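See structure below.
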Amino acid sequence: MRDVVIVGAGFSGTMAAAELTRRGLSATIVEGGGRIGRGTAYSTTEAAHLLNVPAAKMSAWRDAPGDFVAAGHAPDAFAERRQFGAYLGRILDQAVAAGAVDIAPNRALSARREGEGWAVTLDDGRLIEAAALVLAQGNQPPAPMAVAAGIPLERFVNDPWRSGDAVKQVASSGGDALILGTGLTMVDMVLSLDAAGHGGRIVALSRRGQMPRAHAAYEPVVVEIEEVPLGNVLALWRWLRRRSRAGSWRAAVDALRPHSHAIWRSFDVGEQQRFLRHARPWWDVHRHRIAPRVAERLGALIGAGRLEVVAGRVRRIEQAGDELAVEIERRGAGKREGNQFAVVFNCTGPLGNMAQTRDPLLRQMIDDGLVAIHRLGMGIEVDAASRAGPGVWALGPLTKGVLWEIVAVPDIRGQVADVADDIAKELKS
Ligand SMILES: Cc1cc2nc3c(=O)[nH]c(=O)nc-3n(C[C@H](O)[C@H](O)[C@H](O)COP(=O)(O)OP(=O)(O)OC[C@H]3O[C@@H](n4cnc5c(N)ncnc54)[C@H](O)[C@@H]3O)c2cc1C
């Protein structure tokens with residue numbers, strides 16, 4: 001029997017296994033999506049997909065901040081994401097070679113308490129027993145969109161991380177592509193289409209038509225938590241605007257980064273909802289920036305008329321022969337316009353409400369009261385030590401309701417190290 005069973009082998013699960021190994025604990029890591037040691041973000045094979053964080057900040061280890069740079073990347077470079085995947089894969093290989101970690105290439109279907117520990121059932125019928133359970137399952141795939149009901153999945157690609165041959169097919173047919181969403185996932189999709197030689201038109205559409213901003217050099221500033229208004233979204237917003245006007249908005253946004261968990265926790269539910277409704281669209285595009293090279297490429301595609309970014313909504317999608325007839329209402333236009341597209345990609349983001357999860361393990365654990373849905377539906381409830389219940393911890397985007405900024409490597413690596421400490425303390429006491 002291993003000490004810990006970890007579900008999910010993306011960044012969170014892989015680093016949990018590696019950190020536990022360092023503390024003398026053993027783990028079985030269960031990965032059902034074929035992305036062992038890579039996860040959703042780093043399993044891309046596309047060279048054009050770059051990290052959106054400079055190498056200097058991308059070490060997988062909290063206590064070795066220069067580790068990714070030491071692996072051969074210039075500190076200020078935005079490396080290819082597949083290179084980060086290879087780096088993460090090597091860390092997992094080392095943990096496996098040391099004999100402390102084994103991998104089950106399976107989907108975890110259910111978990112039940114057995115004494116003080118856990119028994120996890122896999123999709124091949126095996127049972128994995130361990131003293132502790134770590135849930136590292138990342139974001140949930142998007143829910144089906146009502147507007148696309150009845151449209152075949154090869155024409156309406158609902159999960160951009162499982163797009164099959166859709167990119168290749170539209171690139172070879174030369175048809176136009178509609179991308180719903182204008183955030184980081186849209187950026188990935190445009191780069192994939194571009195790299196595949198797609199020559200048609202791409203329309204990227206979201207309510208506000210806001211795209212991620214680009215990284216650029218700025219003079220960083222240090223802000224103490226006492227200087228930041230807590231508990232009130234409007235006050236925080238005014239503070240951000242004042243600081244942005246006084247210097248650089250990048251410096252103002254990034255200065256909040258060390259305090260993001262404290263700021264989020266200082267909001268009551270109403271303020272958190274206010275932030276998500278009004279501030280999030282601005283926050284996302286300014287906080288999660290893209291590599292300058294990526295921004296230049298997008299700018300070139302827009303300049304050449306191949307990419308159009310539209311603020312508006314899709315009102316109707318219908319199959320029309322080999323294509324899709326799509327009615328779009330541009331923001332403020334008050335009337336619909338008809339368009340034809342060969343394919344539509346849903347890049348609006350992962351599932352927003354955990355109550356709708358179709359993951360069998362999470363579904364069963366929620367239904368059996370072993371973990372609880374976060375009050376805003378964003379992932380599951382955890383305490384300050386990332387415990388979701390007795391003997392079960394959660395990592396990464398699964399904990400975003402409680403921590404909010406827990407999607408990027410610099411945030412998750414700290415959480416992973418803390419959880420490994422907590423598990424070691426519990427299992428060794
Ligand atoms: C496209 C993209 C680009 C990003 N770029 C950057 C970047 O440049 N810099 C940065 O700091 N951050 C970046 N991030 C954010 C961040 O690094 C990731 O969100 C982070 O890696 C999350 O890792 P995770 O392991 O928690 O989740 P995931 O990577 O999603 O891994 C979860 C894994 O769990 C598996 N799983 C789920 N359910 C089950 C089950 N029931 N049984 C078995 N297995 C299961 C899935 O198959 C999956 O492989 C990016 C994110 C994305 C999506």
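The values are calculated or read from the model by the stated rules, or taken from the named source; none is laboratory data. Keep in mind it's a predicted model, so treat the numbers as computed, not measured. Cβ: placed from backbone, ideal geometry, glycine included. Neighbour counts: every protein chain shown.
Of all residues in segment 404-429, which are assigned to a loop (DSSP other than H, G, I, E, B) and either within 15 Å of the ligand (Cβ to nearest atom) or in contact (Cβ under 8 Å) with a residue 40 or more places away in the chain (or both)? Of everything in segment 404-429, those that are assigned to a loop (DSSP other than H, G, I, E, B) and either within 15 Å of the ligand (Cβ to nearest atom) or in contact (Cβ under 8 Å) with a residue 40 or more places away in the chain (or both) turn out to be W404, E405, I406, V407, A408.
Could you grab me the full set of residues in segment 310-365 that are away from the ligand (no atom under 16 Å from the Cβ) and in a loop (DSSP other than H, G, I, E, B)?
Those that are away from the ligand (no atom under 16 Å from the Cβ) and in a loop (DSSP other than H, G, I, E, B): G321, D322, R331, G332, A333, G334, K335, A342, N353.
For residues in segment 31-69 being of a type in the set (V, I, T) and more than 22 Å from D418 (Cβ to Cβ), which is surrounded by the fewest Cβ atoms within 10 Å (Cβ to Cβ)?
T45
On the stretch given as segment 79-103, residues that are exposed (fewer than 14 other Cβ atoms within 10 Å of the Cβ) and among the acidic types (D, E) total 1. Looking at segment 137-255, the helices (runs of 4 or more DSSP H) lying wholly inside it that each contain 2 or more residues that are over 25 Å from G10 (Cα atoms), among the basic types (K, R) and away from the ligand (no atom under 15 Å from the Cβ) sit at 233-246.
Among the residues of segment 382-403, is there at least one that is over 22 Å from Q140 (Cβ atoms), assigned to a helix (DSSP H, G or I) and within 13 Å of the ligand (Cβ to nearest atom)?
So the first thing to find is which residues in segment 382-403 are over 22 Å from Q140 (Cβ atoms), and the list is 384-385, 390-391.
Retained after the next criterion (residues that are assigned to a helix (DSSP H, G or I)): none.
Within segment 382-403, none of the residues are over 22 Å from Q140 (Cβ atoms), assigned to a helix (DSSP H, G or I) and within 13 Å of the ligand (Cβ to nearest atom).
For segment 140-179, filtering for residues that are within 17 Å of the chain's Cα centre (by Cα) and either closer than 22 Å to M354 by Cβ or aliphatic (A, V, I, L, M) (or both) leaves 9. On the stretch given as segment 94-120, residues that are out of contact with any Lys or Arg (no Cβ under 8 Å at 6 or more places or on another chain) and either over 30 Å from C347 (Cα atoms) or not assigned by TED's automatic domain parsing to the domain that holds T357 (or both) total 17. Just one of the listed residues (L51, L25) is within 7 Å of the ligand (Cβ to nearest atom), more than 20 Å from V167 (Cα to Cα) and touching an Asp or Glu at 6+ places or on another chain (Cβ under 9 Å), and it is L51. Being free of Cβ contacts under 8 Å to residues at least 12 places away in the same chain and either among the hydrophobic types (A, V, I, L, M, F, W, C) or at positive phi (or both), is that true of even one residue in segment 318-330? Scanning segment 318-330, I find at least one residue that is free of Cβ contacts under 8 Å to residues at least 12 places away in the same chain and either among the hydrophobic types (A, V, I, L, M, F, W, C) or at positive phi (or both), so the answer is yes.
Scanning segment 297-317 for residues that are free of Cβ contacts under 8 Å to residues at least 60 places away in the same chain and closer than 30 Å to A251 by Cα yields a total of 4. Scanning segment 356-371 for residues that are in contact with a strand residue (DSSP E or B) (Cβ under 6 Å, 6 or more places away or on another chain) and farther than 14 Å from L398 by Cβ yields P360, Q364. Quick check on E327: is it farther than 30 Å from A217 by Cα and surrounded by 14 or more Cβ atoms within 10 Å (Cβ to Cβ)? So E327 passes the test.
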